[in-house]
1. Which of the trypsin sites (Lys or Arg not before Pro) found in segment 190-253 are in a DSSP loop and have at most 15 neighbouring Cβ atoms, other than their own, within 10 Å?
2. When only C-alpha pairs under 8 Å and at least 6 residues apart count, what is the relative contact order of segment 162-293, in percent?
3. Using the Karplus equation 6.51 cos²θ - 1.76 cosθ + 1.60 (θ = phi - 60°), what ³J(HN,Hα) coupling, rounded to whole Hz, does each residue of segment 76-84 give in order, writing x for Gly and Pro?
4. Which whole-Hz couplings ³J(HN,Hα) result when phi for each residue of segment 175-182 is put into the Karplus expression 6.51 cos²θ - 1.76 cosθ + 1.60, θ = phi - 60°, listed in order with x for Gly and Pro?
5. If amide H atoms are built 1.01 Å from N in the plane of the peptide, which residues on other chains or at least 5 residues away come under 5 Å of the amide H of Val94?
6. Subtract the Cα-Cα distance of Ser109 and Asp134 from 0.36 nm times their separation in residues, and report this length gain in nm to one decimal.
7. In what order, largest first, do Ile299, Ile350, Ile83 sit by accessible area if the probe radius is 1.4 Å?
8. How much FRET efficiency would the formula 1/(1 + (r/R0)^6) give for Arg187 and Arg256, where r is the Cβ-Cβ distance and R0 is 22 Å, rounded to 0.05?
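The values are calculated or read from the model by the stated rules, or taken from the named source; none is laboratory data. Note that the structure is a prediction, hence the values are computed from the model and not measured. Methodologically, a virtual Cβ is constructed for each residue, glycine included, from the backbone with ideal geometry; neighbour enumeration extends over all protein chains shown. Protein only, heavy atoms only, side chains kept; ligands, DNA and RNA dropped before computing areas. Shrake-Rupley method; radii C 1.70, N 1.55, O 1.52, S 1.80 Å.
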Amino acid sequence: MDEKDLIGQKGMVDTEAERSILEYRPKVKYEPNKPFTVNIQTEETTVPDSESPGLASDESVPLEKPAAQYLMFAELGDRLTRIARELEEKLKDVSFSLTDKEINRIFESSPGYVLELDSDGNIPFETYKKTFDDPEEPGNSLLQDYVHSYAEDVDGSLELELYEDVREMQYGIEEGYFLFKESILKRYVKEIPASPANDEGFIKQVDDKAIKISQVRQNLFEVNEASEKEYYESLRTEYGSPEFFKVSEKYKEAKRPYDLSVRDEKTEKEMMSLIDGLLIAVDDCAGLVKSGLVLGSGIEEEEVMKVLVNQAATKEKLNELLKLTQLSLKLQVNQQIQDKRQYRDVLKNINNLSRKKRAHDELLMAYELRNKMYLSMYDTLQHLESPSKKPGVEAFLDQMAGGLNLIQNQYETFLQDVYLMYMSEYEIRKEKLERTLEKENARAGYSLVLEHL
């Protein structure tokens with residue numbers, strides 16, 4: 001039967017209606033209401049080039065996307081590790097005291113919980129640090145809440161506040177690397193490091209494979225373009241002749257692998273765009289943390305005290321002014337703590353690690369199903385001719401097409417869910433960090449006044 005006779009004929013899979021169901025038409029749009037833009041912070045310290053995040057130096061040959069993203073994972077992981085170690089060194093001698101009520105609440109939330117104390121009965125930083133090994137364990141979560149309440153108050157510590165964000169971003173990068181490894185990297189190499197590392201040999205291996213795949217895709221494009229041009233020229237001048245049907249068959253043979261390549265590349269680009277969102281977001285937030293640690297508060301202590309001293313004619317009036325100023329700054333810190341707390345609650349309760357893992361698992365499942373079932377079966381079914389015109393056969397094919405369409409819809413939905421999760425976490429964490437750094441000005445002012453009372 002000639003192909004043109006199949007179009008619109010009942011009982012055949014290759015109809016316009018069936019094509020509309022099976023054809024690959026992704027609906028995912030990376031166009032959130034708020035543009036995804038970031039401003040990379042310039043660090044105020046001078047560091048060696050090897051410590052600066054980036055995909056390649058100006059003199060090196062740009063890497064293909066998969067290798068460039070792998071390198072970015074490695075460099076961001078190293079950067080966060082350095083920040084975490086810097087904070088841990090500063091905080092190693094810090095300890096916290098909890099009330100009996102708070103300690104009892106921890107034990108009630110997690111029976112059998114082991115709370116390691118120092119010789120003075122206080123909680124050392126090392127105990128707090130261990131809570132991040134299992135941050136969603138009830139006792140650990142509650143202890144983190146208590147320590148963070150201390151850290152954010154007027155007598156607290158900016159380093160201690162930011163340590164929580166750094167550890168959470170480390171987990172985010174680790175989980176994001178798992179998604180990248182399972183969806184992208186394993187398409188290029190078989191043996192993949194459990195953790196990303198700046199290994200030139202491995203990066204070159206990934207890049208060489210990516211270049212080869214890119215060349216194969218380019219060759220398929222060129223062959224298809226040439227055969228398509230020949231087909232339409234033959235259609236114009238030789239339609240119906242034996243030569244035309246030979247050209248037509250040649251065009252079909254070139255078009256099928258090209259179509260598969262296009263769909264495969266499109267899926268890969270969608271996943272890499274998703275990974276880009278994560279990497280850019282973490283890089284920006286890590287920059288905020290580092291600049292906050294380097295710059296501290298923006299309070300000019302000598303100038304501030306000159307202003308306050310000039311407002312009072314006597315020492316008694318100065319002391320009265322300082323007490324009122326201290327009260328004002330304490331109230332300001334309290335308000336800023338409340339403003340910031342809503343962002344921390346969202347990160348802890350909604351965008352937590354469990355949700356990330358679940359969302360990634362759902363996306364990977366849909367991604368694998370789509371690659372193994374939808375695309376391969378689409379390629380087969382679009383050329384299938386039904387051997388029967390009976391309604392039962394037609395109904396079966398309709399149901400099969402519906403199942404494949406469901407796989408495609410699930411993939412699009414889960415892809416969008418993960419993208420929105422990355423976007424929301426980035427915006428919320430950035431707000432939290434900015435408010436934390438802003439609050440440091442009020443806390444520094446409070447401490448300055450307290451010193452002169």
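1. On the way: sites: Lys190, Lys204, Lys209, Lys212, Arg217, Lys229, Arg236, Lys246, Lys250, Lys252; in loops: Lys190.
Of the trypsin sites (Lys or Arg not before Pro), the ones in loops of segment 190-253 whose Cβ has at most 15 other Cβ atoms within 10 Å are Lys190.
2. Details: 55 pairs, mean separation 44.1, N = 132.
Once divided by the residue count of segment 162-293, the mean separation gives 33 percent.
3. 5, x, 5, 4, 5, 5, 5, 5, 4
4. 5, x, 5, 4, 5, 4, 5, 6
5. Sorted by chain and number, the residues that satisfy this are Phe125.
6. Numbers: separation 25, 0.36 × 25 = 9.00 nm, distance 1.47 nm.
Gain in length upon complete extension: 7.5 nm.
7. Details: Ile299 55, Ile350 95, Ile83 5 Å².
Largest accessible area first, the residues go Ile350, Ile299, Ile83.
8. Details: r = 20 Å, r/R0 = 0.93.
Efficiency at R0 = 22 Å is approximately 0.60.
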